[in-house]
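The structure appears below as structure tokens.
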Amino acid sequence: MSSVPTIDDANLILRLYEIRREEKMRAAREWFVRSFKPKSLEEMNQLAPAGSQENAYMRQVITYFEMVASFVTSGVLNQDLYFQSGGEMLLCYLRVKPILADLRASSKNPTQYTNLEKAGEAYLAWYATKGEGAREAVVARLS
């Protein structure tokens with residue numbers, strides 16, 4: 001993974017930002033940030049039942065950030081540069097984290113959202129280097 005960000009990294013971040021501004025994605029993100037805080041798979045299924053608009057929003061947001069995380073974990077996108085401006089991916093990870101094991105078990109897919117998990121944990125470690133209490137503060141704010 002390159003330690004020095006490139007113009008390509010900056011351009012990819014800008015493109016990812018453009019995608020986040022698309023009307024349906026905006027609506028999905030707004031719902032996710034406001035409403036998606038399940039502590040169990042059962043809560044998630046009540047909040048976003050299969051076939052509902054909420055389920056579509058949930059899947060759109062989580063899979064978008066899984067894709068972004070795959071760019072970070074594979075080295076396509078400079079991690080440090082993305083972490084400086086991509087806080088919403090960490091929010092997504094923190095909201096999914098309490099139910100991640102159950103999601104994987106229910107789908108029988110042990111690798112489901114592994115990029116999101118790896119990038120989320122790296123993001124938390126990155127925050128831990130930013131000063132005493134920085135990691136804890138961001139977790140409290142985003143959870």
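The values are calculated or read from the model by the stated rules, or taken from the named source; none is laboratory data. Everything numeric here is computed off the predicted structure, so don't read it as measured data. Every residue, glycine as well, gets a Cβ built from its backbone with ideal geometry; the counts of neighbours run over all protein chains shown. Quick note on the areas: whole protein, heavy atoms, side chains included, nothing else; ligands and nucleic acids left out. Shrake-Rupley method; radii C 1.70, N 1.55, O 1.52, S 1.80 Å.
For the chain, the normalised intensity computed at q = 0.09 Å⁻¹ comes to -0.27 (log10 of I(q)/I(0), Debye sum over alpha carbons, equal scatterers, no solvent).
Taking only protein heavy atoms and a 1.4 Å probe, the accessible area of the stretch 1-127 is 53% carbon and sulfur. Per residue, the chain exposes an accessible area of 55 Å² to a 1.4 Å probe, with every protein chain left in place. Taken over the C-alpha atoms, the stretch 62-143 has Rg and Dmax values of 12.6, 39 angstrom. Here residue 41 and residue 84 are evaluated by their C-beta separation; at R0 = 35 Å the FRET efficiency comes out at 0.60. With a Förster radius of 25 Å applied to the beta-carbon distance between residue 106 and residue 143, the computed FRET efficiency rounds to 0.65. Per-residue Karplus couplings for the stretch 88-93, computed as 6.51 cos²θ - 1.76 cosθ + 1.60 with θ equal to phi - 60°, are listed in order as 5, 5, 5, 4, 4, 4 Hz, Gly and Pro entered as x. Within the stretch 105-143, the trypsin sites (Lys or Arg not before Pro) that combine a DSSP coil assignment with at most 14 other C-beta atoms in a 10 angstrom radius are 108, 130. Taking the 0 to 90 degree range and rounding to the nearest ten, how far is the long axis of helix 7-20 tilted relative to the main principal axis of the chain, both from C-alpha atoms? The answer is roughly 20 degrees.
Relative to one another, the C-alpha centroids of the stretch 59-132 and the stretch 1-21 are positioned 16 Å apart.
About its Cα centre, the dipole of the stretch 1-91 is roughly 220 debye, where the only charges are +1 on Lys and Arg Cβ and -1 on Asp and Glu Cβ.
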